[in-house]
């Protein structure tokens, strides 16, 4: 098979690239190793319940072009919801973001947070605190020691499964907003404030889970998508590329990779040791998603952040049946708990049944599930590549790998190919920008 562009990976980024390039008249093929497209945005339906296998996803964006694209693809298959997100803190539901819910904290914690925020703000303005050099220092520099110790540090160490003082802070600007001092004071005395307003209202497919978005994008290019094609080797071939799964070879003028760098490099020949070492040093988390179907209702919450280790292994609990009326049978509701882990740690060694049991027992103890008798369905999925972790050496290592791929003429687009912490809208934006640049 000869094509102009071969795209490795049939996840959200890969199918978006294929659609946009085909719209320009490009002859494309998408090579996906799994039997289904979607990647982290796949969904599964069993016993009348629909869950997103890569953790709960919602549709929102500050990027008007991307948001319009996603909603246009879904057409009428989209529900809009007002966000109602909480943090489970010392047994109480606190408004999210944490700094907007200070009035709901115990009095001593509320004083600690507001006092340290003001003290820190004055010290920063006087130049008494040096600029941060890592993520932990950035958290305290931005929020003060109270908010840092009560929520920001424990939650971030739980989700990243890595010490925050060994993480870079280059990525946080724009992703974690700096709270205005007026909002902090209002929050502490009980005047309502809102944070992260760009996701105050979100959309979600009525039917099909988040995979409905991927399938809507892919629909015009389905004939160009090859599933079950596990790339085994890539070699340069007459100014282009020969891509093989060991049975068949695809010849392409251009190669665009959206797959993890850790899966791409083993397919290439003559990778220098320093490039392989840099790739091996890139950190990422895996994700275990636990699916629970219930008889009856769940709390009227969109999703819940859980910073406390003692509450359970999960860092986030979402309620998909509050996103759409069609993802659970009538009279039923659903919960999705997310647990990040790394190869070799305790969660990676736990059998799936033990993870499910731990999650249910913990949610019952927290009062989120009323009783064990309410549980009518359980399931679990593990994703090896879920979150990019920005450690202190990230910028140096990723540049080595990217430069190698540039020299080989391989384009990198998307979350684990660029190795950046991109949400769905960021993945689609990366595809749009690539195609716009290619058109010039």
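The values are calculated or read from the model by the stated rules, or taken from the named source; none is laboratory data. Given the structure is predicted, the values throughout are model-derived calculations rather than measurements. Cβ sites come from the backbone with ideal geometry, for glycine too, and all protein chains shown count toward neighbours.
The residue that is surrounded by the most Cβ atoms within 10 Å (Cβ to Cβ), counting only those in the range 43-59 that are part of a loop (DSSP other than H, G, I, E, B) and over 13 Å from the mean Cα position of the chain (by Cα), is 48. You will find that of 67, 71, 21, the residue that is buried (at least 23 other Cβ atoms within 10 Å of the Cβ) and assigned to a helix (DSSP H, G or I) is 21 and no other. Based on what the data block shows, is residue 182 modelled with pLDDT of 95 or more, over 30 Å from residue 268 (Cα atoms) and in a helix (DSSP H, G or I)? Considered against the rule, which asks whether it is modelled with pLDDT of 95 or more, over 30 Å from residue 268 (Cα atoms) and in a helix (DSSP H, G or I), residue 182 comes out as no. Residue 218 meets all of the listed conditions (1) surrounded by 21 or more Cβ atoms within 10 Å (Cβ to Cβ); (2) in a strand (DSSP E or B) but one, namely (2). In the range 79-117, what count of residues is obtained for those that are surrounded by 16 or more Cβ atoms within 10 Å (Cβ to Cβ) and not in a strand (DSSP E or B)? Going through the range 79-117 one residue at a time, the tally reaches 20. Please find, among 247, 254, the residue that is at pLDDT 95 or above, surrounded by fewer than 20 Cβ atoms within 10 Å (Cβ to Cβ) and part of a strand (DSSP E or B). Only one candidate qualifies: 254.
Filtering the range 286-304 to residues that are buried (at least 19 other Cβ atoms within 10 Å of the Cβ) and in a strand (DSSP E or B) leaves 286, 287, 288, 289, 290, 291, 292, 293, 294, 303, 304. Do we find that residue 136 is more than 18 Å from residue 183 (Cα to Cα) and part of a helix (DSSP H, G or I) in this structure? Yes: the conditions hold for residue 136.
Scanning the range 346-355 turns up at least one residue that is buried (at least 20 other Cβ atoms within 10 Å of the Cβ), touching a residue at least 60 places away in the same chain (Cβ under 8 Å) and not in a loop (DSSP other than H, G, I, E, B). Residue 175 fulfils the conditions (1) modelled with pLDDT of 95 or more; (2) part of a loop (DSSP other than H, G, I, E, B); (3) under 21 Å from residue 398 (Cβ atoms) except for a single criterion, (1).
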